[in-house]
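A.B. asks: This structure is in structure tokens; I'll ask about it shortly.
The values are calculated or read from the model by the stated rules, or taken from the named source; none is laboratory data. Note that the coordinates shown come from a computational prediction; the quantities given were computed from them, not determined experimentally. As a convention, Cβ positions derive from the backbone with ideal geometry for all residues, glycine included, and neighbour counts pool all protein chains shown. Side chains are part of the model used for accessible areas, which takes the heavy atoms of the whole protein and leaves out ligands, DNA and RNA. Shrake-Rupley method; radii C 1.70, N 1.55, O 1.52, S 1.80 Å.
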Amino acid sequence: MTVKAKTKTKTAPTRRGFGRSDATSPKLSQPITTQPDITHSTVTVSPQHSEQPRYSSEQKERFSCVAQVRIDAQLFDSLNNAVESAIFGGNYSVESASHFVREALREHIGGKELKVAHQNGAKKPLSLRLDSQLNEFWQTLPKRHRNNILERAIRTKLLSYQT
């Protein structure tokens, strides 16, 4: 009994129907030529848009501390949905879910009353970047109740944000 070895020749068609000889690799040694830009009208970009960051309320350099938190998974999903809905609706005051959480903590520092009770549920671990003021406040909270206070602050802000 003889066994035939399956060998492909260079001209065998590929799955897309092209022969292997038809597909060639690009020649990188030759300079790439670009087509001239065709413009029908002149567009000027104002300097204020090119110099300012997209979101100026928070800058990455300010966040020097990281807090490990565990919050309710459903709460985090509803938080993400609220932020995405606001952004799609044209409200850019809240940049991201973490920005929303930091704002909820800042409101709690300012004395806003926590109106919503704590709820039990599956937890999701998160890393939250904090500036020095928020980190000092976070360290003053009782260790066993930090996550509960954070969840209550987020739920309270969500209630005021959605209404």
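A.B. asks: Residue by residue through segment 135-144, note down the ones that are open to solvent by less than 100 Å² (accessible area, probe 1.4 Å) and either in contact (Cβ under 8 Å) with a residue 60 or more places away in the chain or basic (Lys, Arg) (or both).
C.D. replies: 135, 138
A.B. asks: List every residue pair whose Cβ atoms lie under 6 Å apart, where the two residues are 6 or more positions apart in sequence or sit on different chains, the first residue falls within segment 108-121 and is open to solvent by less than 70 Å² (accessible area, probe 1.4 Å), and the second residue, located anywhere, is outside any helix (DSSP H, G or I).
C.D. replies: Correct list of pairs: 121/72.
A.B. asks: List the number of the failed condition for residue 128; all other conditions in (1) closer than 15 Å to residue 99 by Cα; (2) open to solvent by 30 Å² or more (accessible area, probe 1.4 Å); (3) in a strand (DSSP E or B) hold.
C.D. replies: Every listed condition holds for residue 128 apart from (2).
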